[in-house]
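Notes follow the structure.
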Amino acid sequence: MKKFLYLIMTEGKVNKKLSLLNNKYRDTLILTWKKPIQKGIFFPFSTWTTGRNRLYQEIINRKLDKKYLYFIFMDGDFILKSKSQEEPFKIFERYLEKYLPAIGFPYFLHHKKSSDEISAYYEFDGGFFGFSKISLILPSLTSAIPNLLGLSTSHNRIDASTFEFSNCFAN
C-alpha cells in the first residue's frame, strides 16, 4: 500500500522533479488552472483557495482517505531541499512515519531555527504540508482543515500535534 498522496497545484506543466514523485511509494494528484494535462484535474480560473478545496473534495469523493496515510498539499513551484544527498521528499515522509503528526511540514527559512529534530509550530506556509488521514476524523482538526486549505484568512492555532521537521527545508 502506498502511504503518501501528493496533491499538487500548478498552472499546467509539471517539472521533472515533480514527475518523479509518482512512483511505487507514492502517488500524485495534479490540479491545473491554466492548461490541462493528461491524467490531471483541469479547474480553469481557480484560485489557490478554490483549487485546494477542489483537491480536498477529491480526497473525500474518491474515498482516498481509506487508501493513504498522509495527504501532502504542495504548490507546483515549491522547492524542497535536503541537508544531505538523500531525496528531500523521502526524508519528509520518513519523519511523518516516525512521529505521526496530524499535520507536518518542513522547516521554513523564515522560522526561528531550533536545534531539535522536530519543533511544534502554530503557523506555517501552506505551500507544502502534509496532514494525516486521522486528522480527517478528529473533530478538533477537521474544523481546522478548511483554514489550512485557505477557506479562512484567520490563523487558528492547531495544537502540539503540528510538527516541523528540521532536516528538510523549504526555500
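The values are calculated or read from the model by the stated rules, or taken from the named source; none is laboratory data. A quick note: this is a predicted structure, and the numbers were derived from the prediction, not measured. Positions of Cβ are backbone-derived with ideal geometry, glycine not excepted, and every protein chain shown enters the neighbour counts. Calculation scope for accessible area: heavy atoms of the full protein, side chains included, ligands and nucleic acids excluded. Shrake-Rupley method; radii C 1.70, N 1.55, O 1.52, S 1.80 Å.
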Query raised in the report: In this structure, does T49 turn out to be touching a residue at least 12 places away in the same chain (Cβ under 8 Å), of a type outside the set (A, V, I, L, M, F, W, C) and open to solvent by 20 Å² or more (accessible area, probe 1.4 Å)?
Result: yes
Query raised in the report: Does segment 67-87 contain any residue that is without any contact (Cβ under 8 Å) to a residue 60 or more places away in the chain and assigned to a helix (DSSP H, G or I)?
Result: no
